[in-house]
Amino acid sequence: MSEERHRILEQKRQRLLELKRKRITQVGSLTDDSELLKKIDVATQTAPVCFASTSPKLSTKDSELNSEDALKAETFQVDVELRRFDKGVQVTGISEDNNNNDTNSKSNSCNLEREKPRVINKIEVSDSELSNALIESIKVINRLHITKTIELDPVKVESKTKLQFVSSKIILPLDRELQTFDISPHTASQILVGFQRPQQYEFFAILYQLQDQTLLPYHYLTCSSELTQLKFDIHQGNRIIGALKNGELVIWEIDDSALIQVPTLSTHSLFFSLGSEQSWFQHRSKIVLLEQLKVNVNNCLLSVSKDGVTNLWSTNLLSKPKFSQKLVKKDGIFRLCIEHGIYTGSKETIGDDIELGSKLLLAANDGKLYDEQMNEAHEAEGAGAGGAGAGAGLLVTAMVKLSHEFIVTSHLDWHLRIWKHGQTQPYKVIPTNYVINKIIKRPQNQYQFTTVGRFFGKYLVEFWNLSKKLYKPVITICEEEDEIKQIKFNGPMEMLIGKGREIQILKLNKDYVFDVEEDDLDKGFSKM
């Protein structure tokens with residue numbers, strides 16, 4: 001019995017092994033097919049694929065149980081392998097519920113469509129592009145921060161801009177009321193000051209030396225009448241030229257050993273020139289134009305007085321002028337007085353013909369501009385020089401030559417007029433808020449000048465830059481209570497203001513930039 005039982009068990013074991021081998025062979029082929037079917041493109045897969053087992057069943061009960069356990073184990077192993085999806089391609093999870101497959105597939109396809117552009121964008125952007133974008137974003141943030149800071153404190157920024165144009169200021173006090181002054185072109189520390197009519201003093205002018213921001217008097221200048229103009233000789237450093245109120249011209253040659261200086265040369269006074277009217281004309285009124293020229297390499301003085309007398313003098317001999325004429329209007333109906341004048345020609349001339357020839361521009365008291373022959377240089381139909389209004393309404397209060405092409409005049413009708421060479425009509429007419437009574441050109445800058453005028457009881461000093469703004473000044477330099485007698489430039493970066501009993505020295509910032517707003521329609525000469 002035991003041998004027979006053992007034989008039967010051995011047969012069962014052999015049969016089970018044979019069935020197991022067949023089952024393994026069938027499951028292997030099924031796994032290969034399922035792997036082929038499972039390799040579906042992620043762009044087209046919408047739901048998991050389920051496969052049914054095709055393994056045969058055992059006839060006996062034990063073998064049936066064993067085969068079912070083995071098949072269940074193998075199926076679980078296959079399912080586990082199928083669940084191990086790669087992160088890069090997994091889009092859905094495996095669900096045994098067939099009813100939820102359609103819903104999941106739709107949502108997964110929608111999510112896939114939303115995610116596609118992001119993946120493509122990430123692939124197209126390189127590291128260098130990302131770095132550049134980050135740098136630009138940081139710059140934009142910094143700009144926004146600076147803009148907000150400026151908008152939060154506009155008053156402080158505006159005051160800072162004014163301080164930038166005038167970098168420093170020195171005030172030099174005087175003992176008397178100032179009339180006129182000049183700074184030496186040879187020695188920057190020498191300042192010449194002419195005073196108003198003295199009472200207890202015998203001198204009309206003092207030559208100062210500037211040391212440690214203090215004026216030290218070196219020489220006292222005397223003359224016969226009050227000074228209206230005073231300037232250093234631009235050719236000789238020891239000479240000083242003065243124009244007196246009575247029409248005389250005087251020249252001092254400074255002697256370092258003498259404290260009080262008397263004129264070395266002077267024109268004849270009216271008393272000694274009564275019999276000389278036939279050969280030349282003597283100045284009998286205030287001199288309105290005094291210009292230094294070189295004629296045939298000789299130093300000369302050009303003078304024009306209020307009564308229209310024009311003389312050309314040698315600085316070595318003031319007894320008789322080289323050239324003399326009296327300007328008279330042709331019709332002779334109205335006696336004109338010259339209020340202002342400028343010389344428009346070259347400072348150095350060579351030749352025997354020393355006549356002026358279209359080199360003078362004179363402003364008369366009829367509101368018109370004339371040349372040296374008293375021909376109207378600039379005119380307008382039915383009006384004086386400027387074309388708006390007539391007569392005294394256009395009286396010229398100041399004038400200056402900006403360049404060989406442009407001249408600027410100010411008028412009593414609260415306007416500036418820009419005249420262009422060769423044109424009789426004004427090139428531009430600029431309205432102002434007050435009457436401008438002084439115009440001073442900034443050296444080495446073609447379209448920049450300073451104006452002085454009185455507005456609501458104060459004297460305003462404003463700076464114009466026609467290349468940036470045409471119809472208004474770019475900056476207000478200062479407001480003063482006392483009358484400003486004179487303004488001088490000592491080069492392009494230093495400005496002197498004379499008023500009352502003091503002289504102010506303003507140092508200008510060479511790095512100052514005149515900004516113009518982008519939306520401002522006034523762009524100056526640069527956009528015309």
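Of everything in segment 428-477, what is hydroxyl-bearing (Ser, Thr, Tyr) and either under 25 Å from the mean Cα position of the chain (by Cα) or surrounded by 20 or more Cβ atoms within 10 Å (Cβ to Cβ) (or both)? Give them in sequence order. Hits for segment 428-477 are Thr432, Tyr447, Thr450, Thr451, Tyr459, Ser467, Tyr471, Thr476.
Exactly one residue out of Leu230, Leu221 is under 17 Å from Lys488 (Cα atoms), hydrophobic (A, V, I, L, M, F, W, C) and at pLDDT 90 or above, and it is Leu230. Do we find a residue being more than 30 Å from Leu402 (Cβ to Cβ) and either touching a helix residue (DSSP H, G or I) at 6+ places or on another chain (Cβ under 6 Å) or modelled with pLDDT of 90 or more (or both) anywhere in segment 272-282? Scanning segment 272-282, I find at least one residue that is more than 30 Å from Leu402 (Cβ to Cβ) and either touching a helix residue (DSSP H, G or I) at 6+ places or on another chain (Cβ under 6 Å) or modelled with pLDDT of 90 or more (or both), so the answer is yes.
Across segment 509-521, the qualifying residues are those that are within 26 Å of Gly491 (Cα to Cα) and exposed (fewer than 11 other Cβ atoms within 10 Å of the Cβ), and the one among them that is modelled with the lowest pLDDT is Asp515. Residues in segment 492-512 that are more than 16 Å from Glu462 (Cα to Cα) and among the aliphatic types (A, V, I, L, M): Ile503 alone. Do we have Met399 as touching a strand residue (DSSP E or B) at 6+ places or on another chain (Cβ under 9 Å) and closer than 25 Å to Ala188 by Cβ here? Spelling it out, it is not the case that Met399 is touching a strand residue (DSSP E or B) at 6+ places or on another chain (Cβ under 9 Å) and closer than 25 Å to Ala188 by Cβ.
Checked against (1) at pLDDT 90 or above; (2) buried (at least 18 other Cβ atoms within 10 Å of the Cβ); (3) not β-branched (Val, Ile, Thr), Gly524 passes all but a single condition, namely (1).
Restricting to segment 188-202, name every residue that is modelled with pLDDT of 90 or more and not hydroxyl-bearing (Ser, Thr, Tyr). Within segment 188-202, Gln190, Ile191, Leu192, Val193, Gly194, Phe195 meet the criteria.
Criterion applied to Gly422, Gly498 was being without any contact (Cβ under 8 Å) to a residue 24 or more places away in the chain and closer than 30 Å to Leu369 by Cβ, and the one residue passing it is Gly422. Scanning segment 216-238 for residues that are crowded, with 19+ Cβ neighbours inside 10 Å and not polar (S, T, N, Q) gives His219, Leu221, Cys223, Leu227, Leu230, Lys231, Phe232, Asp233. Looking across segment 435-456, the residues that are in contact (Cβ under 8 Å) with a residue 12 or more places away in the chain and not in a strand (DSSP E or B) come down to Val435, Arg442, Pro443, Gln444, Asn445, Gln446, Tyr447.
The residue that is farthest from Lys359 (Cα to Cα), among those in segment 289-315 that are free of Cβ contacts under 8 Å to residues at least 24 places away in the same chain and touching a Leu at 6+ places or on another chain (Cβ under 9 Å), is Ser314.
The values are calculated or read from the model by the stated rules, or taken from the named source; none is laboratory data. What you are looking at is a predicted structure, and each value in this text was computed from that prediction instead of being measured. Reconstructed Cβ throughout: ideal geometry from the backbone, glycine too, with neighbour counts over all protein chains shown.
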